[in-house]
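Undergrad: The structure follows.
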Amino acid sequence: MIPAPDALEKRLQDRYRRLVQEHLGHAKSTAPGPRALPTATSAFAATQAAWRFWNNPGVTLPALAQPLLDCAGTAVAQDCQRYTLVIHDWSHLDYRSHTSKHDRVRGANDRDVGYDAHVAVAVSDSAGRPLAPVYQGLHASDGLHDSRQEAVAPPGSKLDRLESVFDFVRGQGWDRPAVHVIDREADSVGHFRAWQQGGHFFLVRADTDRLVRHAGRERPLSAVVADLQRQGAFHYSRDVEYHGRPARQEVAEAAVVLHREAFQQRVVNGKKQKRRVRGAPLPLRLVVSRVSDSDGTLLAEWLLFTNVPAEVLAAEVALWYYWRWRIESYFKLLKSAGLEVEHWQQETAAAIARRLLVAGMACALVWQIAREASPEGETLRRLLVRLSGRQMGRGVEYTEPALLAGLWVLLAMLETLGQYSVATLRHLAALAVPGVQAPSSG
């Protein structure tokens with residue numbers, strides 16, 4: 001059974017489970033809401049019930065987030081070896097044409113109108129498999145709709161908010177400590193120092209122009225990488241795939257110290273203000289990951305700062321960052337490859353935030369199917385791909401969008417079989433498409 005929020009009354013728990021099922025399917029950009037399963041209930045009644053759920057003040061974000069946290073806790077115990085990767089990313093939800101949403105915010109340019117979403121997804125450290133979303137924040141004009149609290153919070157700086165999210169994740173009591181993996185936008189000396197002081201592990205992509213102390217001298221990271229190259233410090237790590245192409249990964253490591261002042265930038269009364277903040281020197285590991293094609297042409301290079309213990313080899317650190325694309329695939333599943341979030345018709349960020357958490361559970365269930373290692377799990381994946389009607393590439397067993405699309409067909413079949421006999425369905429099929437012979441049950 002799909003887990004439901006314990007804090008909700010049974011009627012709302014049943015509605016939650018129903019809505020999760022209705023999100024287990026590939027959405028259409030022209031659809032105003034989740035696809036209603038083929039029950040005796042009319043589509044209009046299903047839409048009205050969903051609207052009441054999204055706008056029910058008793059359906060709080062923490063209540064909707066709890067099943068995801070429970071799902072993550074179970075998966076962490078089963079799939080993680082020593083650490084839990086928690087991958088953070090921000091994505092703009094484009095609602096520029098949704099003029100009925102009066103709480104939209106503007107992004108970096110006038111065309112970016114909508115909401116800004118911050119999501120953290122728990123990922124296995126052993127195979128890079130996504131487990132469940134564990135945090136969600138949605139920035140609108142009225143503030144931050146935060147999955148940890150009922151009240152709308154002041155948005156503040158997105159990097160300043162991270163430490164409280166780190167604390168929240170640690171408060172879940174997982175046996176495997178979290179390593180927070182973030183892209184280059186989190187390369188901030190002041191925040192590194194705060195996270196280190198707070199006892200949090202992090203893995204962040206660094207800026208090549210960053211000045212560090214290395215081998216007793218102040219140098220830009222680009223010079224440190226050049227030294228590693230001259231010293232022959234790069235070693236083959238593993239074969240990987242880069243944008244669908246086979247490639248090889250090489251890794252090198254150096255010890256560096258972040259010793260300079262931090263620059264704190266804030267917006268005060270509509271104006272940007274910058275101030276210097278002194279701090280203690282911070283020793284970190286610099287892991288350099290290079291991805292090249294078979295001819296040796298460099299395809300990508302990532303400079304990574306981390307404070308994880310030396311027992312975690314540099315090659316493993318590089319692999320953890322390579323898995324950062326998992327959260328990008330989550331946003332893709334929410335958007336054009338699956339649930340079409342940017343076409344949702346709910347008129348407030350509060351309603352969108354609630355629906356996102358329900359959609360997050362649908363994604364978590366798909367990931368659970370993808371991780372299932374039993375023979376039944378393999379059979380289920382093959383069935384779902386067949387039901388989806390999608391063609392897989394050579395050597396590809398499944399894709400998450402295909403599993404999502406196939407789940408919808410499977411659930412719709414089960415609903416239909418609960419209302420009509422097989423003989424009736426065969427008769428109706430022959431009526432609809434004359435001359436088509438449905439296969440017998442034997």
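The values are calculated or read from the model by the stated rules, or taken from the named source; none is laboratory data. Only a predicted model underlies this, so the values are computations on that prediction, with no experimental measurement involved. For neighbour counting, all protein chains shown are included, and Cβ atoms are generated from backbone atoms with ideal geometry for every residue, glycine included. Remember, those area values only see protein heavy atoms, side chains included, never the ligands or the DNA or RNA. Shrake-Rupley method; radii C 1.70, N 1.55, O 1.52, S 1.80 Å.
Undergrad: When the helices in the chain are scored as -39500 (n - 2.57) per DSSP H run of 4 or longer and the sum is shared across all residues, what 222 nm value do you end up with, to the nearest 500 deg cm²/dmol?
TA: Mean residue ellipticity, 222 nm, calculated: -11500 deg cm²/dmol.
Undergrad: Further question: Taking the Cα-to-Cβ direction at N109 and at A280 and moving 7 Å from each Cα, how far apart do the two end points lie in nm?
TA: 4.5
Undergrad: Which angle between 0 and 90 degrees, to the nearest 10, do you get for helix 61-79 versus the longest principal axis of the chain when only C-alpha atoms count?
TA: So the helix axis and the longest Cα principal axis differ by about 70 degrees.
Undergrad: Further, regarding this structure: Cβ under 14 Å from P62's Cβ, P62 left aside: what net charge do those residues give with Lys, Arg +1 and Asp, Glu -1? Show your work: numbers first, answer last.
TA: Details: positive: R148, R354; negative: D6, D70, D146, E150.
Net charge in that neighbourhood comes out at -2.
Undergrad: How would the range 230-347 be classified by its alpha-carbon gyration tensor: rounded, prolate or oblate, with rounded meaning a/c under 1.5 and the a/b versus b/c comparison settling the rest?
TA: Judged from the Cα gyration tensor, the range 230-347 comes out oblate (a/c at least 1.5, b/c at or above a/b).
Undergrad: Counting heavy atoms of the protein chains only and a 1.4 Å probe, report the per residue accessible area for the chain as a whole number of Å².
TA: Result: 49 Å² of accessible area for each residue.
Undergrad: Taking trypsin sites (Lys or Arg not before Pro) that fall in a DSSP loop and have at most 13 other Cβ atoms within 10 Å as cut points, what is the longest piece of the chain between them?
TA: 112-277
Undergrad: Relative to the longest principal axis of the C-alpha atoms of the chain, give the angle of the C-alpha long axis of helix 349-371, reported between 0 and 90° and rounded to the nearest 10°.
TA: 90
Undergrad: Also: With each label point set 7 Å from Cα along the Cα-Cβ vector, what nm distance links N56 and Q391?
TA: Taking the simple label geometry, N56 and Q391 are separated by 4.5 nm.
Undergrad: By how many nm would the segment from A223 to L428 lengthen if fully extended, with 0.36 nm per residue of separation less the alpha-carbon distance?
TA: Using 0.36 nm per residue and subtracting the Cα-Cα distance, I get 66.5 nm.
Undergrad: Moving on to the next point. Just to confirm my numbers, what's the Cα centroid distance between the range 307-364 and the range 373-442 in Å?
TA: About 28 Å separates the Cα centre of the range 307-364 from the one of the range 373-442.
Undergrad: Need one word for the range 223-268: rounded, prolate or oblate. Basis is the Cα gyration tensor (sqrt eigenvalues a ≥ b ≥ c); a/c below 1.5 gives rounded, then a/b vs b/c decides.
TA: Oblate, because a/c is 1.5 or more while a/b does not exceed b/c.
Undergrad: In sequence order, what are the phi-derived ³J(HN,Hα) couplings for the range 125-141 according to the Karplus relation 6.51 cos²θ - 1.76 cosθ + 1.60 with θ = phi - 60°, rounded to whole Hz, with x for glycine and proline?
TA: Working through the residues one at a time gives 7, 8, 9, x, 7, x, 10, 5, x, 10, 8, 8, x, 10, 8, 10, 5 Hz.
Undergrad: Give the label of the value calculated from the structure for Cα extents along the principal axes in Å, choosing from [x] 107, 59, 41; [y] 82, 54, 41; [z] 70, 54, 42.
TA: [y]
Undergrad: Pull out a ≥ b ≥ c, the square roots of the eigenvalues of the alpha-carbon gyration tensor of the range 128-283, then state rounded if a/c is under 1.5, prolate if not and a/b is larger than b/c, and oblate in the remaining case.
TA: oblate
Undergrad: What is the local net charge at A254, summed over the other residues whose Cβ is closer than 15 Å to its Cβ (Lys, Arg +1; Asp, Glu -1)?
TA: Result for the neighbourhood of A254: +2.
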